[in-house]
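Written out below as structure tokens is the structure these notes cover.
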Amino acid sequence: MQQTDLIKIANTQMPFGKYAGRALIDLPEEYLLWFQKKEWPKGELGHLMQITLAVKMENLDYLIKPLKAQRG
């Protein structure tokens, strides 16, 4: 996990589905757990969603949300 990844999960929007348009860090943990059970999206999106879930499981999202103002 790199700082650029953390900035990306704060600023990347979910491109599809029920939470389309919402920043990855703002996705509900249950939604991310569903993807973990089924299958992560391919490529960078799936990678960032996995990091987002790890951050949320450790209750560290409060560290990510201030990064929304930064661009990475």
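Things to note:
- Cα long-axis angle, helix 43-57 against the chain (0 to 90 degrees, to the nearest 10): 80
- Under the convention that each Lys and Arg Cβ holds +1 and each Asp and Glu Cβ holds -1, the size of the dipole of the chain around its Cα centre is about 200 debye.
- Pairs over the 18 Å Cα-Cα cut-off, from the set LYS8/LYS37; LYS18/LYS38; LYS8/LYS42; LYS8/LYS68: LYS8/LYS37.
- Amide hydrogen neighbours beyond the local backbone of ALA23, cut-off 5 Å, H modeled: MET14
- Rg(Cα)/(2.2 N^0.38 Å) for the chain, N = residue count: 0.99
Values quoted throughout were computed directly from the atomic coordinates according to the rules given, and no laboratory measurement underlies them. Just so it is clear, the structure is predicted and the values come from calculations on it, not from any experiment. All Cβ positions, glycine included, derive from the backbone under ideal geometry; neighbour counts span all protein chains shown.
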